[in-house]
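Notes follow the structure.
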Amino acid sequence: INCSWGGFGSSQFSQDVINYATFNKNALVVAAAGNANNNAPFYPASYQYVLSVGGTDSADVKWTSSPTSGSSYGSYVDVSAPANKIFSIFPTGSNPAYWYSGGTSEAAPQVSAIAALVKAQYPLLNALQIGERIRVTADDIYAIPGNASFINQLGKGRVNLLRALTEPATSVRAYNISLTDNNDNAFV
């Protein structure tokens, strides 16, 4: 399920919808991380079990179009994908016009397409396993100087279709971690 939309509010009902799609329908939810050029949580991308997609430019640097517009970033982003100068159709009356657009709304469908191809290659994987395979086979983009300010905030890296289809992928992810000090004091 591709979600090239979103906002800054969250709700338990929306998380329940994500949970239902993921666990009851075995559907991977892929969502755009947003174009606010900040690290504020953006939804549905920030919900648990969503594969959140940030954007890069042609040099694999975090996509930015202006000081206030560019790929959002943060710990909730799982992967990045090209988000600059994406060729698309714009409806103009009876004839469509073709133009270049940019943003994480253009990056997320690319990841959704990769997920479909991974599912075709590995039909026994469930939705979360497909998302995790895409995440762990992404190319590291943090050595690129333009990304130095965004270490660990652009996800695992830029998606790589070939690696997602061909390389072994092993991953462990922890959710809802809680620690205690043996005196019943919880640290979350």
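Residues checked against (1) within 19 Å of Ile1 (Cβ to Cβ); (2) out of contact with any Phe, Trp or Tyr (no Cβ under 8 Å at 6 or more places or on another chain); (3) assigned to a helix (DSSP H, G or I); (4) open to solvent by 30 Å² or more (accessible area, probe 1.4 Å):
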position	(1), (2), (3), (4)
Val53	yes, yes, no, no
Gly74	no, yes, no, no
Tyr100	no, no, no, yes
Val118	yes, yes, yes, no
Ile134	yes, yes, yes, no
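So, of the residues in segment 1-16 that are more than 21 Å from Pro123 (Cα to Cα), in contact (Cβ under 8 Å) with a residue 60 or more places away in the chain and touching a strand residue (DSSP E or B) at 6+ places or on another chain (Cβ under 6 Å), which turns out to be least open to solvent (accessible area, probe 1.4 Å)?
Ranking the candidates gives Cys3 first.
Out of all the residues in segment 102-116, which are of a type in the set (Gly, Ala, Ser) and assigned to a helix (DSSP H, G or I)?
Ser105, Ala107, Ala108, Ser112, Ala113, Ala115, Ala116
Just checking, does segment 139-153 include any residue being at negative phi, assigned to a helix (DSSP H, G or I) and of a type in the set (Phe, Trp, Tyr)?
yes
Output the residue which, of all residues in segment 17-51 that are hydroxyl-bearing (Ser, Thr, Tyr) and either touching a Ser or Thr at 6+ places or on another chain (Cβ under 6 Å) or outside any loop (DSSP other than H, G, I, E, B) (or both), is surrounded by the fewest Cβ atoms within 10 Å (Cβ to Cβ).
Checking each candidate, the answer is Tyr20.
Considering only residues that are surrounded by fewer than 21 Cβ atoms within 10 Å (Cβ to Cβ), of a type outside the set (S, T, N, Q) and farther than 20 Å from Gln48 by Cα, which ones fall in segment 159-176?
Leu161, Leu162, Arg163, Leu165, Glu167, Pro168, Ala169
Contact list please: Cβ distance under 6 Å, first residue in segment 106-123 and over 11 Å from Val30 (Cα atoms), second residue assigned to a helix (DSSP H, G or I) and modelled with pLDDT of 95 or more, pairs at least six apart or on different chains.
Short answer, once both residue conditions are applied: Val118/Ile130; Val118/Arg133; Val118/Ala164; Lys119/Ile130; Gln121/Leu165.
So in segment 55-72, with the set limited to residues that are open to solvent by less than 20 Å² (accessible area, probe 1.4 Å) and touching a residue at least 60 places away in the same chain (Cβ under 8 Å), which one is farthest from Leu128 (Cα to Cα)?
The residue in question is Lys62.
Please list, ordered by first then second residue, the pairs with beta carbon atoms under 7 Å, 6 or more apart or interchain, first in segment 154-180 and free of Cβ contacts under 8 Å to residues at least 24 places away in the same chain, second among the β-branched types (Val, Ile, Thr) and open to solvent by 50 Å² or more (accessible area, probe 1.4 Å).
Sorted first by the residue in segment 154-180, then by its partner, the pairs are Ser178/Val188.
The values are calculated or read from the model by the stated rules, or taken from the named source; none is laboratory data. Note that the structure is a prediction, hence the values are computed from the model and not measured. Positions of Cβ are backbone-derived with ideal geometry, glycine not excepted, and every protein chain shown enters the neighbour counts. Heavy atoms of the whole protein, side chains included, go into the accessibility calculation; ligands, DNA and RNA do not. Shrake-Rupley method; radii C 1.70, N 1.55, O 1.52, S 1.80 Å.
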